[in-house]
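Asker: This is the structure I have questions about; it appears just below.
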Amino acid sequence: MSGSPRFGALDRFRPLAALLVVALHTYPLADVSPDAEFLLTRVLARLAVPFFLMATGQFALLPLLQPGGACRLPRFLRKTGLLYGACILLYLPLGIYGGQYAGLTPLSAVRLLLFDGTYYHLWYFPAALLGVCLVLLLRRALGCAGALTAAALLYAAGLFGDSYYGLAARLPALQAGYAALFSLSSYTRNGVFFAPLFLLLGAALGGGALAVPRRAAGACLALSLLLFAGEALALRALAWPRHDSMAVFLVPAALFLYRLLLTCPCAERPALRTLSGLVYVLHPLCIVGVRGAAKVLRATDLLVENNLAHFLAVAALSFALSGALTLLLLRLRAHKKRPDPRRARAWVEVDGAALRENARALQSLLPPGCALLPALKADAYGHGAAFAVRALRRAGVQDFCVATPQEGAALRRAGARGEILVLGAVPEALLPLARRWRLSLAAADLEHARRLSAWGRPLRVHVAVDTGMHRLGAPAGDAGALAEIFRLPNLRIRGVFTHLCAADGASARDRAYTQAQLRAFQGALEALAARGIALPKRHALASAGVLAQPECAGDWARVGLALYGVPPAFARAAGAGLRPVLSLKARVALVRTLRAGECAGYGLAFSAARESRLAVLSIGYADGLPRALSCGAGCALVRGRRAPIAGRICMDQTLLDVTDIPGVAPGDEVVLLGEQAGARLSAWDVAGAAGTIPNEILSRLGPRLPRIPV
Ligand SMILES: *Cc1c(COP(=O)(O)O)cnc(C)c1O
């Protein structure tokens with residue numbers, strides 16, 4: 001929320017609001033005119049705290065009110081609580097000196113901590129904490145409109161303990177009630193009666209409510225301020241106030257002030273937020289500091305007795321101190337943001353949200369009851385198996401398939417608890433590993449199945465059926481062999497599957513072959529059933545099959561490539577609504593200029609036909625960049641444009657011809673696969689240029705590249 005440039009005016013108003021709070025505590029105009037003083041500090045300055053509460057409402061409360069937002073409550077409580085704790089410690093010596101903690105009882109401790117604050121201005125923190133919690137409870141119990149009504153009623157009740165106390169005092173019962181209340185909280189200006197209304201109004205306005213235009217907001221603000229001033233003067237004349245923090249017309253005044261600020265879009269100034277927060281927190285300390293300094297300098301007449309000079313001195317000290325601290329904090333933050341060493345040379349970025357979206361998109365194509373069994377072999381096609389497990393589990397995926405028991409073990413270590421199928425013909429030496437990690441194995445044919453069974457200990461198995469790929473599986477037509485596998489001891493059969501070998505082809509021959517494979521699979525299942533064998537879960541489709549004929553999926557769909565956002569060949573143009581998950585990036589290490597006729601790289605493979613500029617990239621074939629992309633076959637994106645690869649790709653470095661791209665400089669980010677400023681290099685583009693398929697490009701990305709989730 002706070003990232004939007006629309007809210008810059010709020011940032012700019014914050015220091016003014018902080019200055020008004022300083023005025024509230026130093027009475028700058030008291031010597032000039034009591035009425036001017038009243039209007040400044042009892043009316044105008046009263047807007048400051050509601051403004052801060054409304055900003056808290058917009059930036060802290062509003063996200064919590066969004067669907068699923070309540071999970072961020074602990075973070076808000078922790079952050080604000082820590083800040084409050086630090087302030088309590090900071091003001092502890094002054095509080096002790098001022099007798100704040102004298103005769104502390106459990107009740108007075110609650111009063112100080114939860115309502116009054118342990119120093120006079122610190123009540124804001126518990127009010128914000130309590131107010132936010134109360135609003136969330138009210139919203140849950142009463143809905144949005146109900147919560148707003150309740151907050152308004154609480155505010156009204158607060159009025160009678162504050163500036164309308166003179167009325168409450170006339171009714172003995174009411175007065176007794178408020179007296180009880182005041183033993184717990186010195187004022188009604190707290191997290192129960194005061195904060196909830198402004199927090200909710202801030203959240204509502206931040207969410208787009210009361211979208212009146214700027215001039216109307218300004219006019220309403222002026223009118224509300226007049227009415228507020230009139231109200232305050234009248235209350236003073238009646239001598240009703242017990243305290244003067246709450247008034248009826250304070251609410252519309254704060255509301256229209258906030259709306260007016262929201263109608264002035266300008267860039268955000270986060271530093272001003274820090275500055276004004278610090279001024280708020282530190283100004284009482286500065287008041288003490290100015291008084292102390294005045295005593296030492298024998299300038300009490302000027303710096304303390306003269307209210308205006310006192311105010312100016314306190315404000316100057318508060319802003320100077322807070323400004324210095326803000327600069328220090330900014331320094332520290334900038335220091336934290338120093339360049340990421342993982343992104344210094346060459347790296348892979350993987351987008352978990354895209355992976356989850358793709359999983360959901362593929363799942364939505366499948367018939368009900370069919371689950372995804374994503375292929376996470378080869379380190380999840382180069383994306384990082386642990387990353388993929390974590391992201392997919394968040395999308396509700398439980399089951400996976402891999403190529404080796406070691407890969408299966410890695411998935412278990414990353415938190416996969418469901419089915420893990422090892423797709424290859426696992427040799428005996430790896431069976432202990434498979435059993436230890438509760439992996440399921442493909443029974444690759446009758447012979448292999450017999451060996452699995454003869455190992456002597458129970459194993460989980462999926463029976464592979466060969467329907468025409470002739471790589472793995474007992475032949476679909478050999479019902480006898482298939483049935484024998486099902487009857488072998490020690491095999492806990494959890495699935496039966498086949499694999500299509502022409503499903504991504506578009507030719508008539510490919511399509512006919514695929515249909516024949518699916519028919520053969522169906523025939524084998526029926527033959528098994530006819531022999532009285534209870535069929536386990538079945539699966540037949542990889543990415544291409546799922547996109548072409550999802551209705552044939554059965555109980556599991558073994559999606560790989562599509563899940564990573566790369567559509568199968570026949571869906572390339574349409575894209576199938578999938579988002580690429582992986583980007584491959586590197587940096588320009590150096591830029592050099594070649595005269596016409598000069599050569600570059602191994603074997604003099606590049607020769608400059610004109611004066612040329614070559615960027616040296618910090619990535620090579622040892623990182624998985626196919627050497628077949630050498631000599632202009634492939635390209636990379638730099639400054640949002642395509643530049644051809646110059647000469648032969650080296651083991652760790654690559655030359656890029658950037659003659660036609662102005663401004664390329666060392667440190668520039670280069671995209672070898674992915675997007676940059678609207679330009680795109682898809683896995684299919686790279687595979688096409690290298691004469692291979694995207695699967696190979698992705699799965700061969702090397703271990704030297706850090707995988708960075710984004
Ligand atoms: C790799 C593999 C898959 C996944 O294939 P994609 O085309 O990447 O979806 C499915 N089944 C088997 C048997 C595999 O080996």
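The values are calculated or read from the model by the stated rules, or taken from the named source; none is laboratory data. Quantities reported herein were computed from a predicted structural model and do not represent experimental measurements. Note that each Cβ is placed from the backbone with ideal geometry, even for glycine, and that neighbours are counted across all protein chains shown.
Asker: Which of the residues spanning the range 99-136 are in a loop (DSSP other than H, G, I, E, B) and over 23 Å from ARG75 (Cβ atoms)?
Answerer: Selection gives GLY99, GLN100, TYR101, ALA102, GLY103, LEU104, THR105, THR118, TYR119, TYR120, HIS121.
Asker: With the structure loaded, tell me whether ARG509 is part of a helix (DSSP H, G or I), surrounded by fewer than 24 Cβ atoms within 10 Å (Cβ to Cβ) and of a type outside the set (Val, Ile, Thr) or whether it fails that test.
Answerer: yes
Asker: Pairs needed: first member in the range 141-155, of a type in the set (Val, Ile, Thr); second member anywhere, assigned to a helix (DSSP H, G or I); C-beta distance under 8 Å; at least 6 residues apart or different chains.
Answerer: THR149/LEU142
Asker: Let me ask you something else. What number of residues within the range 330-371 are over 25 Å from ALA683 (Cα atoms), at pLDDT 95 or above and under 28 Å from the mean Cα position of the chain (by Cα)?
Answerer: 1
Asker: Now a separate question. Can you pull out every residue in the range 448-469 that is assigned to a helix (DSSP H, G or I) and under 27 Å from THR514 (Cβ atoms)?
Answerer: The answer is HIS448, ALA449.
Yes/no per residue for (1) of a type in the set (Asp, Glu); (2) under 22 Å from LEU235 (Cα atoms); (3) assigned to a helix (DSSP H, G or I):
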residue	(1), (2), (3)
PHE7	no, no, yes
PRO15	no, no, yes
VAL22	no, no, yes
TYR27	no, yes, no
ASP31	yes, no, no
ALA45	no, yes, yes
PHE51	no, no, yes
GLN58	no, no, yes
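Results for (1) among the hydrophobic types (A, V, I, L, M, F, W, C); (2) away from the ligand (no atom under 16 Å from the Cβ), shown as yes or no for each residue.
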position: PHE311; (1), (2): yes, yes
position: VAL314; (1), (2): yes, yes
position: LEU317; (1), (2): yes, yes
position: LEU330; (1), (2): yes, yes
position: ARG345; (1), (2): no, yes
position: GLN363; (1), (2): no, no
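Asker: With the condition kept exactly as written, say whether any residue in the range 629-642 is crowded, with 18+ Cβ neighbours inside 10 Å, more than 22 Å from SER607 (Cβ to Cβ) and of a type in the set (Lys, Arg).
Answerer: yes
Asker: Only residues in the range 374-385 that are within 14 Å of ALA409 (Cα to Cα) and at pLDDT below 95 count as the first member; pair them with residues that are more than 9 Å from the ligand (Cβ to nearest atom) and not hydrophobic (A, V, I, L, M, F, W, C), Cβ under 9 angstrom, at least 6 apart or cross-chain, and list the lot.
Answerer: Listed pairs, sorted by first residue: none to list.
Asker: Here's a follow-up. List every residue pair whose Cβ atoms lie under 8 Å apart, where the two residues are 6 or more positions apart in sequence or sit on different chains, the first residue falls within the range 124-136 and is crowded, with 21+ Cβ neighbours inside 10 Å, and the second residue, located anywhere, is charged (D, E, K, R).
Answerer: These pairs meet every condition: ALA127/ARG189.
Asker: Has the range 566-585 got at least one residue that is small (Gly, Ala, Ser), at pLDDT 95 or above and closer than 21 Å to GLN363 by Cβ?
Answerer: No, the conditions are met nowhere in the range 566-585.
Asker: Can you find even one residue in the range 654-664 that is within 18 Å of ALA589 (Cβ to Cβ), more than 16 Å from the ligand (Cβ to nearest atom) and in contact with an Asp or Glu (Cβ under 7 Å, 6 or more places away or on another chain)?
Answerer: no
Asker: Looking only at residues that are charged (D, E, K, R) and in a helix (DSSP H, G or I) in the range 285-322, which one is nearest to ALA36 (Cα to Cα)?
Answerer: Taking the candidates together, the pick is GLU305.
Asker: Within the range 501-521, can you find the residues that are closer than 14 Å to PHE570 by Cβ, within 16 Å of the ligand (Cβ to nearest atom) and either out of contact with any helix residue (DSSP H, G or I) (no Cβ under 8 Å at 6 or more places or on another chain) or not small (Gly, Ala, Ser) (or both)?
Answerer: Within the range 501-521, ASP504, ASP510, THR514 qualify.
Asker: Still on this model: Would you tally the residues in the range 64-97 being within 20 Å of the chain's Cα centre (by Cα), surrounded by fewer than 17 Cβ atoms within 10 Å (Cβ to Cβ) and assigned to a helix (DSSP H, G or I)?
Answerer: Matching residues across the range 64-97 total 10.
Asker: Here are some conditions: (1) surrounded by 20 or more Cβ atoms within 10 Å (Cβ to Cβ); (2) modelled with pLDDT under 95; (3) not aromatic (Phe, Trp, Tyr). GLU268 meets all but one. Which one does it not meet?
Answerer: (1)
Asker: Taking the range 534-565 as the search range and keeping residues that are closer than 19 Å to VAL397 by Cα and assigned to a loop (DSSP other than H, G, I, E, B), which one is farthest from the ligand (Cβ to nearest atom)?
Answerer: ASP555
Asker: What residue, of LEU233, LEU200, LEU210, is buried (at least 22 other Cβ atoms within 10 Å of the Cβ), under 30 Å from THR263 (Cβ atoms) and not aromatic (Phe, Trp, Tyr)?
Answerer: Result of the check over LEU233, LEU200, LEU210: LEU200.
Asker: For PRO367, state whether it is farther than 30 Å from GLY620 by Cβ and within 16 Å of the ligand (Cβ to nearest atom).
Answerer: When the stated conditions are applied, PRO367 does not pass them.
Asker: Need at least 1 residues that are farther than 20 Å from ARG46 by Cα per element, so show me which helices (runs of 4 or more DSSP H) inside the range 178-284 make the cut, counting only ones lying wholly within it.
Answerer: Result: 195-206, 214-238.
Asker: Can you pull out every residue in the range 392-404 that is under 11 Å from LEU355 (Cβ atoms) and either crowded, with 24+ Cβ neighbours inside 10 Å or within 16 Å of the ligand (Cβ to nearest atom) (or both)?
Answerer: LEU392, VAL397
Asker: Of the residues ALA529, ALA589, ALA596, which is away from the ligand (no atom under 12 Å from the Cβ), at pLDDT 95 or above and part of a helix (DSSP H, G or I)?
Answerer: Unique residue meeting the criteria: ALA529.
Asker: Related question: Within 12 Å of the ligand (Cβ to nearest atom) and over 44 Å from the mean Cα position of the chain (by Cα): does that describe GLY473?
Answerer: It is true that GLY473 is within 12 Å of the ligand (Cβ to nearest atom) and over 44 Å from the mean Cα position of the chain (by Cα).
Asker: Related question: Which of the residues belonging to the range 433-447 are of a type in the set (Lys, Arg) and assigned to a loop (DSSP other than H, G, I, E, B)?
Answerer: Across the range 433-447, the qualifying residue is only ARG438.
Asker: Would you confirm, using the coordinates I've provided, whether THR118 is without any contact (Cβ under 8 Å) to a residue 60 or more places away in the chain, β-branched (Val, Ile, Thr) and surrounded by fewer than 21 Cβ atoms within 10 Å (Cβ to Cβ)?
Answerer: no
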